[in-house]
Amino acid sequence: MNWSFTWAVTREALGHDPSVEEVAEWWKESRRTAFREQAAFRAAFPKLDTPAPIYDRPELRRRLREFTKKTDDLDKILQSRRVQQEILDIGLLPATID
């Protein structure tokens with residue numbers, strides 16, 4: 001089910017049915033991991049090409065969009081804090097005046 005969830009979230013983020021490579025990129029995981037998880041999904045659900053039928057209910061898609069927005073917001077917050085920390089780290093270095 002991990003593959004189906006990651007695929008569904010990526011679909012909502014990108015606005016189309018994602019490829020394995022797009023899922024890996026969106027979740028910042030290796031292509032190898034993404035293909036392995038897709039293979040496990042296909043073994044468990046051999047009649048499904050993608051997880052789309054599992055997540056086609058409007059309520060589920062709405063909740064996935066909300067989750068996607070929260071993760072996007074969290075990424076922005078973490079990135080801004082990372083930048084702030086780098087600025088602080090550089091600012092606290094001892095100054096050298098020649």
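Ratio of Rg to Rh for the range 2-66: 0.95 [Cα atoms; Kirkwood radius as inverse mean 1/r over pairs]. The listed peptides 8-18, 30-40, 52-62, ordered by packing as a protection proxy, come out as 8-18, 30-40, 52-62 (highest mean of other Cβ atoms within 10 Å first).
No lab work stands behind these numbers, since they all come straight from the coordinates. These figures come from a predicted structure and were not determined experimentally. Positions of Cβ are backbone-derived with ideal geometry, glycine not excepted, and every protein chain shown enters the neighbour counts.
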